[in-house]
Amino acid sequence: MRLFVLAAMAVLAATSALGQNYPSKPIRILIAQAPGSATDVISRVVGNRLSEGLGQPVIIEARPGAGGALGTEAAARSAPDGYTLFMANNSTHGSNPALYEKLPYDAVKDFTPISMVASVPYVLIVNPSMPVKSVDELITMAKSQPGKINYASAGNGSTHHFCGELLKSATGIDVQHVPYKGSPPGVTAVAANEVGMMFANLTDIGGQLKAGKLKALAVTSTQRAPLIPDVPTLSEAGVQGFEILSWFALLAPAGTPAPIISRLHDEAVKALARDDVKGTLGAQGLTVYSSTPDQVTAHIKSEIAKFTRIAKAANIKAE
């Protein structure tokens, strides 16, 4: 018994010292999207403030590829020592686990959550020349021309694709999916009137909305977006129960010691409460907020379940 107690005390002492000495070198935040993406922008803004609180540089490292699986796997396989973090999003920890039967990572088991970071809605956009001013008018037009209207997405299985299929099942319209290689080409196609409509991330289209190159009909959040307050939610527009958000959460590899997670969580909460962080990201349409680690886990599980339901109902399959 004495040996057991001594061993336990030694472990507690070592763990405490680990938390007190952390961090002693630079920290990196891996992202699974390309530089310049919303994930990259958020990571840099938050990373700069984390650096101030932790007293060490925070470096953003992009590992795009394989629909986000490449960077996510790299984060999951990193040493659980607090020096590699991961900025997860609704693709890496929502639609991808729902879509792919086999991924090189487990979205829940391979990660330890730290905090939610931000969210932003998708916007149902159409070309300004389309003769509709509301979702109801769009639905009426689509039903009068079944199969004639196309909608763009950022690729098969992307969240944009899930949004389009959910609208189809919720309203009974018949619109055709046209996948593009990423969101920017899809948005460009709508602006050029190559396709009629798209669900686009608000952070990707703010400038084009202001310039009148795109027309916004509704947002996919339950509350109106502060950046475009005149645009109704889909629920307000008559499509009840429609909510799909682009969201971001800070994670660490599974097995990262609890004192380190606690330190990171405290610093993340402080960073996300800063007015400059909220202002910078809010100007791009993002709502910044923090959470407990348990709330992150519950959110991820809920998102995977939701995307799984949509994928089965719409028969969305991975390419």
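An oblate overall shape is assigned to the range 200-319, the ratio a/c of its alpha-carbon gyration tensor axes (a ≥ b ≥ c) being 1.5 or greater and a/b not exceeding b/c. This model, with +1 at the C-beta of Lys and Arg and -1 at the C-beta of Asp and Glu, gives the range 44-187 a dipole about its Cα centre of some 280 debye. If you take the square roots of the eigenvalues of the alpha-carbon gyration tensor of the chain and sort them as a ≥ b ≥ c, do you get rounded (a/c under 1.5), prolate (a/b over b/c) or oblate? Prolate.
Across the chain, the relative contact order, built from alpha-carbon pairs under 8 Å that are at least six residues apart, equals 26 percent. If you run the Gaussian network model on the chain, springs between alpha carbon atoms under 10 Å, then out of GLY282, GLY207, GLY67 the most flexible one is GLY207.
The C-alpha atoms of the chain define a longest principal axis, and helix 2-21 lies at about 60 degrees to it. Solvent exposure of LYS306, expressed as accessible area, is near 40 Å², computed with a probe of 1.4 Å over the protein chains only. Each Lys and Arg Cβ is given +1 and each Asp and Glu Cβ -1; about its Cα centre, the chain then shows a dipole of about 160 debye.
For SER129, the solvent-accessible surface with a 1.4 Å probe is about 80 Å², rounded to the nearest 10. The apolar share of the surface of the range 152-202, taken as the fraction of accessible area on carbon and sulfur atoms (1.4 Å probe, ligands and nucleic acids excluded), comes to 52 percent. Looking at the chain, the accessible area is 44 square angstrom per residue; that uses a 1.4 Å probe and ignores ligands, DNA and RNA.
Helices in the chain, meaning DSSP H runs of at least 4 residues, each add -39500 (n - 2.57). Divided by all residues, the mean residue ellipticity at 222 nm is -13000 deg cm²/dmol. Compared with the dominant principal axis of the Cα atoms in the chain, helix 38-54 is inclined by about 30°. Surface calculation, 1.4 Å probe, protein heavy atoms: SER144 sits at approximately 80 Å² accessible. Considering the options SER221, LEU281, ALA154, tell which one lies farthest towards the positive end of the dipole of the chain, charges being +1 on Lys and Arg and -1 on Asp and Glu at the Cβ, about the Cα centre. It is ALA154, whose Cα lies furthest towards the positive end. Ordered from largest to smallest accessible area (heavy atoms of protein chains, 1.4 Å probe), the residues TYR180, TYR289 come out as TYR289, TYR180. If you line up the long axis of helix 258-272 against the longest principal axis of the chain, both from Cα atoms, how many degrees apart are they, to the nearest 10? It works out to around 50 degrees.
The values are calculated or read from the model by the stated rules, or taken from the named source; none is laboratory data. Nothing here was measured: the structure is a model prediction, and the numbers come from that model. Ideal geometry is used to build each Cβ from the backbone, glycine not excepted, and the neighbour counts take in all protein chains shown. To get the accessible areas, we keep the full protein, side chains included, count just its heavy atoms, and leave off ligands, DNA and RNA. Shrake-Rupley method; radii C 1.70, N 1.55, O 1.52, S 1.80 Å.
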